[in-house]
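As structure tokens, the structure follows; a few thoughts come after it.
Bear in mind that the values in this text are calculations on the coordinates, not laboratory data. Worth saying up front: this structure is predicted, and the values here are computed from it rather than measured. Here the Cβ positions follow ideal geometry from the backbone for every residue, glycine too, while neighbour counts run over all protein chains shown.
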Amino acid sequence: MYDLIIIGGGPAGATLARLLKGMKVALIDKKLHSAQSGAISSFQKPCGGLLSPDAQHALANIGLHLPASVLVKPQPSSVKTIDLNSGLVRHYPRNYINMDRHKFDMWLLSLVPETVTCFAGRCTKIEQDNGEYVLTLIAPEEPRQLRAKYIVGADGAYSIVRRTIMPYKSRIKKYTAIQQWFLRDASEPSDYIAAFDNSLTDSYAWGLDKDEHFIFGAALPAKNAKHDFEALKEKMCAYGYSFSKLVKTECCQVLTPLHFSDTFSGNGNAFLIGEAGGFISPSSLEGISYALNTAAILAKVLMTEPEPNRLAAYKKNLLGLRLKLMLKQLKMPFMYNKQLRRLVMKSGVTAVK
Ligand SMILES: Cc1cc2nc3c(=O)[nH]c(=O)nc-3n(C[C@H](O)[C@H](O)[C@H](O)COP(=O)(O)OP(=O)(O)OC[C@H]3O[C@@H](n4cnc5c(N)ncnc54)[C@H](O)[C@@H]3O)c2cc1C
């Protein structure tokens, strides 16, 4: 029996577990087992692994300094934007930190205090019994059940917590994200790329080097995602990129909140943080800052607000982030409408040579 169980140990869950004080807390994550045993993890979050200025700010806010061990080469200073519809190419300055996303997650988990009990395994069921939550966990040793008064869904885009507690069916827009890792060929251009093609996706594709690898990914409508990803790669070949030495393919869901109701704070004694709550930028798909910020907000609410006001207080404190997400949409027509994008790129405004 715990006061609170966090489901998911990504940036959101690990941060909440680190910040919460004064409660008996457990954290469940499906990737802990293999990481703890030293084996190659069966689950690694597919991600571009770029820390945006907002995420760097969020890290500073929670008092963390990024260790050098999570950084990879190169550190990009601009993004090469390729419009595959018009053929226009522009470079825009960017201050992102390029890192190894799995190492970043493992570093955040290593900061979780020993007072938090960590369980390796996958939460497969959430039920309510006598005002408590009963979680079923498929663990490496044996299935087990855990009970808690509060639960927190920090389990990402395909959150079992959100799907269980939400009183209505979420209509949030979803894409299938496919990302491939290739051995880098030194003769190829070393760019951080963002590519747009409205005939294949109304989101975008990205590519960048990670030490000896080149990663290329895209967010695509689920229908025909695999086929459209191959078509994108083929079009990129005309710009000097080759995709011959494939190392691995990753795939997952990614969310795009377009309406206020697409973000959800929780229900009853269950809270949602990070992408589980729909907190991710709809324009850039940047989600790490939202994961860290929502976790910090919830930690503060749980430690300062008396019962039974906690959910209402959390919802109120999320207002700023929710407005910020809605404002991100103002940028979207200039990125995703092909006529407007062409005009902006043609004008060269804010571009560097
Ligand atoms: C392809 C791709 C590229 C991206 N690139 C970037 C980028 O460059 N920069 C950026 O800021 N954002 C990026 N994002 C978004 C970002 O990855 C997410 O928004 C961010 O990881 C959300 O953090 P989180 O902690 O909320 O969830 P997650 O990072 O998804 O963590 C969820 C955790 O829950 C665990 N889990 C899930 N289900 C269960 C379960 N049933 N039981 C137990 N454990 C469970 C998982 O093991 C995982 O550790 C990208 C997303 C995608 C899909």
I need the trypsin sites (Lys or Arg not before Pro) found in the range 156-191, filtered to DSSP loop residues with at most 12 other beta carbons within 10 Å of theirs.
169, 171
Once the Cα atoms of the range 114-168 are picked out, what are the Rg and Dmax in Å?
11.7, 37
What list of ³J(HN,Hα) values in whole Hz, one per residue of the range 307-317 in order, does the Karplus curve 6.51 cos²θ - 1.76 cosθ + 1.60 (θ = phi - 60°) give from phi, with Gly and Pro shown as x?
6, x, 8, 5, 5, 4, 5, 4, 4, 5, 6
Would you list 88, 16, 302 from fewest to most Cβ contacts within 10 Å?
88, 302, 16
Just to check I understand the Karplus step: with θ = phi - 60° and J = 6.51 cos²θ - 1.76 cosθ + 1.60, what whole-Hz values come out for the range 208-223, glycine and proline as x?
6, 7, 9, 6, 8, 10, 10, 10, 9, x, 7, 9, 10, x, 4, 5
3J(HN,Hα) from dihedral phi, the range 226-235, Karplus parametrisation 6.51/-1.76/1.60, rounded to Hz, x for glycine, proline
5, 5, 5, 5, 5, 5, 4, 4, 4, 5
Taking N as the number of residues in the range 1-108, what value does Rg over Cα atoms divided by 2.2 N^0.38 Å take?
1.34
Report the extension gain between residue 238 and residue 66 in nm, rounded to one decimal, defined as 0.36 nm multiplied by the number of residues separating them, less their alpha carbon distance.
58.2 nm
Given 4 °C, 1.567 mPa s and a Kirkwood radius over Cα pairs, the Stokes-Einstein diffusion coefficient of the range 209-353 in µm²/s is 71 µm²/s
Would you tally the net charge around residue 249, using a Cβ to Cβ cut-off of less than 14 Å, leaving residue 249 out, and scoring K and R as +1, D and E as -1?
+2
Approximate spin-label separation residue 24-residue 249, in nm, with each point projected 7 Å along Cα-to-Cβ
4.7 nm
5 Å is the cut-off here: which amide hydrogens, built 1.01 Å from N in the peptide plane, fall below it relative to residue 119, excluding neighbours closer than 5 in sequence?
27, 28, 29
Sort 350, 115 so the one with the fewest other Cβ atoms within 10 Å of its own Cβ comes first.
350, 115
What nm value, rounded to one decimal, do you get for the distance between residue 305 and residue 1 when each label is placed 7 Å out toward the C-beta?
2.5 nm
Chain lengthening between residue 224 and residue 185 when straightened (0.36 nm per residue, less Cα-Cα):
11.1 nm
What are the residues whose amide H is under 5 Å from the amide H of residue 78, where those residues sit 5 or more places off or on another chain and H is modelled from the backbone?
94
Separation of the residue 319 and residue 128 label points, Cα + 7 Å toward Cβ, nm
2.7 nm
Amide H contacts of residue 125 (H built 1.01 Å from N, under 5 Å, at least 5 apart or other chain):
136
Given that compact globular proteins tend to follow 2.2 N^0.38 Å, what is the ratio of the alpha-carbon Rg of the range 83-154 to that value?
1.87
Hydrodynamic radius (Kirkwood) for the chain, which is based on Cα pairs only, to one decimal in Å:
21.1 Å
For 151, 215, what's the fewest-to-most ordering of other Cβ within 10 Å of each Cβ?
215, 151
